[in-house]
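A short worksheet on the structure shown next.
The values are calculated or read from the model by the stated rules, or taken from the named source; none is laboratory data. Just so it is clear, the model here is predicted, and its values are computed rather than measured. Using ideal geometry, Cβ is built from the backbone for each residue, glycine included, and neighbour counts are taken over all protein chains shown.
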Amino acid sequence: MNPCPCGYLGDREGDCNCSAERVAAYRGKISGPLVDRIDLHVEVARPPTESLRASSPPGESSAAVAGRVQKARSAQLERAGVCNARLAGRLLEAHCKLDEQSLAMLEAAVDRFRLSARAYQRVRRVARTIADLGEAETIAPPHVAEALSLRQLDRRTTPK
């Protein structure tokens, strides 16, 4: 979805004229329970014009990304018999354990952003997946921080 009705909220080169009330009404169209069920909410900025040129340096290939994802998914299935998105109950507790520092970070975010219990569990699953992509055995604070950074609709933003 766009960040606001005009689409320019947060755009360095755009000129958003939306009031805070208009942005709140626009974002209010997507309910909190629905937002809770979406694991990743990421703002994607408009790319610089020069990056659209055919001569710009290529990013990581899709094949390389797919290989990393397949390796992480295989690790998940081997570890728990299901992918991280399906971890629940005892499986979630067993495979998404957080150390004290990670737990404190997550709990502070829950309080600050008033995250729901569902969002709390989803952050844990995403942090486990981030750790898997990095081939880490345990979830560390950087994994939790990255997982939290991928829940941008949980934050309140207002126009300039």
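General remarks:
- Answer residue from region 45-78, given it is over 23 Å from the mean Cα position of the chain (by Cα) and assigned to a helix (DSSP H, G or I) and is nearest to A136 (Cα to Cα) among those: E78
- Count - residues of region 57-80 that are surrounded by 13 or more Cβ atoms within 10 Å (Cβ to Cβ), more than 15 Å from C96 (Cα to Cα) and of a type in the set (S, T, N, Q): 0
- Criterion violated by G32 - all others in (1) within 30 Å of R12 (Cα to Cα); (2) loosely packed, with under 13 Cβ neighbours inside 10 Å satisfied: (2)
- Yes/no for A85 being under 22 Å from the mean Cα position of the chain (by Cα), within 18 Å of I130 (Cα to Cα) and of a type in the set (G, A, S): yes
- Contact map, region 133-160: first residue polar (S, T, N, Q), second residue outside any loop (DSSP other than H, G, I, E, B) and at pLDDT 85 or above, Cβ cut-off under 6 Å, separation 6 or more or different chains; pairs are Q152/H41; T158/A20.
- Region 137-149 - residue that is among the hydrophobic types (A, V, I, L, M, F, W, C) and closer than 14 Å to N84 by Cα and, of those, surrounded by the most Cβ atoms within 10 Å (Cβ to Cβ): A147
- Checking I38 against (1) in a loop (DSSP other than H, G, I, E, B); (2) under 17 Å from the mean Cα position of the chain (by Cα); (3) loosely packed, with under 10 Cβ neighbours inside 10 Å, the condition it does not meet: (3)
- Among the candidates S102, S116, the residue that is more than 17 Å from I139 (Cα to Cα), in contact (Cβ under 8 Å) with a residue 12 or more places away in the chain, surrounded by 13 or more Cβ atoms within 10 Å (Cβ to Cβ) and within 20 Å of the chain's Cα centre (by Cα) is uniquely S116.
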